[in-house]
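> Here you go, one structure.
The values are calculated or read from the model by the stated rules, or taken from the named source; none is laboratory data. Quick caveat, the model's predicted, so the values are computed rather than measured. Ideal geometry is used to build each Cβ from the backbone, glycine not excepted, and the neighbour counts take in all protein chains shown.
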Amino acid sequence: MIIDIKDNSIMLDSVELTFPIALEEVEAALGKPDRVVPDGEHKMLYIYHELGMIFEARVNDDKWFKYRKVVTDAAHNITGLSLYCGDRVRAMFDEKALPQKTCKAKVTQKGGPLWFISDRAETEELHMICWTEYGHSLTGKAENISAPLTISYCPKREREPANYKIKKCKEEVLEFDNFNFKLAVVQVLMYDLEVLEPYFDIFDFAMQYTGKEIDTDSFKVSKPVLNFFSKLPVPKSLALQVEEIVMDGGNEIYANIFPMWDGEDDFFALNTVSEKELKQFSNLKKATLMSSNYKEVSKVFENLGIEVEEL
């Protein structure tokens with residue numbers, strides 16, 4: 001099989017599937033999946049053992065599509081594809097399920113080789129990550145893919161330039177003892193719900209920034225961006241809107257602070273949290289955490305009646 005990655009679709013030989021994809025469309029091309037596995041509350045995995053691939057769907061997650069202004073129906077909810085290329089089936093991270101065999105397909109990008117910048121590539125609305133072995137990286141042209149590859153649908157949104165001058169808040173603000181917890185809250189309010197302004201975009205911010213040029217493809221933390229979020233006041237009145245926190249490596253706030261972060265370190269991990277800061281969020285009912293101190297941190301959430309799970 002040849003899998004050709006286009007702007008917002010993939011070609012499986014001669015069959016084109018445009019994101020978001022319906023399971024019915026996948027089944028018409030490949031037959032029924034060998035196994036269906038739920039992955040958390042909002043994801044479903046469709047596994048093809050012989051083909052070495054897994055399609056990922058978002059279920060009961062209208063917020064994800066509305067936020068990206070994607071017009072879809074409940075059936076068209078597949079937003080990702082994982083190809084387990086290589087000489088063995090190797091987990092990319094802590095997957096709940098894997099195919100039984102490797103993917104033997106030839107993977108191309110618009111008919112030619114994929115072009116990577118440190119294991120990452122993209123088209124108009126599709127982002128790719130090649131999960132090379134630890135300590136290795138993939139940069140430039142790749143004729144053959146020999147490591148697991150994820151293809152993710154990431155529709156772009158056009159926005160008016162924001163005003164990034166931080167103003168003094170006219171009302172009471174939330175207090176945070178732990179910066180990474182603040183980032184998790186800002187992700188919800190700024191990017192998920194869009195009620196906290198300004199909506200931060202590193203490309204827009206870099207164009208307006210008058211200091212040293214900001215590298216928007218940096219392999220290091222952007223200190224001006226980190227400084228912005230550190231100083232950003234969060235109105236206390238918004239706390240009631242935080243009902244669930246999901247710390248995910250793909251969250252927009254992490255990509256803006258650390259553009260080429262690969263998720264292999266604990267930079268954004270929530271390893272400490274206080275009851276004092278948590279108590280500000282009376283409607284917070286559930287949290288999914290990235291943490292290397294999960295056992296201790298989870299107790300703080302549980303003591304306040306918040307359902308918690310590890311990413």
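> In this structure, does Val71 turn out to be surrounded by fewer than 16 Cβ atoms within 10 Å (Cβ to Cβ) and either under 24 Å from Gly250 (Cα atoms) or among the polar types (S, T, N, Q) (or both)?
Yes, satisfied.
> Here are Glu41, Glu16, Glu24, Glu50: which of them is more than 22 Å from Ile145 (Cα to Cα), modelled with pLDDT of 95 or more and surrounded by fewer than 16 Cβ atoms within 10 Å (Cβ to Cβ)?
The match here is Glu24.
> Wholly within region 11-110, which strands (runs of 3 or more DSSP E) include no fewer than the required count, namely at least 1 residues that are in contact (Cβ under 8 Å) with a residue 24 or more places away in the chain, among the hydroxyl-bearing types (Ser, Thr, Tyr) and closer than 24 Å to Glu194 by Cβ?
Where strands (runs of 3 or more DSSP E) fall fully within region 11-110 and carry at least 1 residues being in contact (Cβ under 8 Å) with a residue 24 or more places away in the chain, among the hydroxyl-bearing types (Ser, Thr, Tyr) and closer than 24 Å to Glu194 by Cβ, they are 76-83.
> Specify which of the listed residues (Ala184, Ala206) is closer than 20 Å to Phe229 by Cα, in the same structural domain as Lys279 (by TED's automatic domain parsing) and in contact with a strand residue (DSSP E or B) (Cβ under 6 Å, 6 or more places away or on another chain).
Matching residue, one of Ala184, Ala206: Ala184.
> Restricting to region 199-220, count the residues that are under 14 Å from Glu252 (Cα atoms), of a type outside the set (D, E, K, R) and assigned to a loop (DSSP other than H, G, I, E, B).
Looking only at that region, the number is 3.
> Can you tell which of Glu50, Glu125, Glu143 is of a type outside the set (Phe, Trp, Tyr) and closer than 24 Å to Asp248 by Cβ? Give the steps one after another, and end with the answer.
On the way: Glu50 fails: closer than 24 Å to Asp248 by Cβ; Glu143 fails: closer than 24 Å to Asp248 by Cβ.
From the options Glu50, Glu125, Glu143, the qualifying one is Glu125.
> If you don't mind, there's one more thing I want to ask. Filter region 136-156 down to the residues that are of a type outside the set (A, V, I, L, M, F, W, C) and in contact with a Ser or Thr (Cβ under 8 Å, 6 or more places away or on another chain), then identify the one that is farthest from Phe19 (Cα to Cα).
The selected residue is Ser137.
> Scan region 252-285 for residues that are closer than 24 Å to Lys43 by Cα and either without any contact (Cβ under 8 Å) to a residue 60 or more places away in the chain or of a type in the set (Phe, Trp, Tyr) (or both) and jot them down.
Correct list: Tyr254, Ala255, Trp261, Phe268, Asn283, Leu284, Lys285.
> If you don't mind, there's one more thing I want to ask. Of the residues Lys167, Lys156, only one is within 26 Å of Pro235 (Cα to Cα), of a type outside the set (Ser, Thr, Tyr) and either not in a strand (DSSP E or B) or not assigned by TED's automatic domain parsing to the domain that holds Met247 (or both); which?
Every option except Lys167 fails the conditions.
> Let me ask something else about it. Quick one: in region 210-232, which of the residues that are surrounded by 15 or more Cβ atoms within 10 Å (Cβ to Cβ) and of a type in the set (S, T, N, Q) is modelled with the lowest pLDDT?
Ser218
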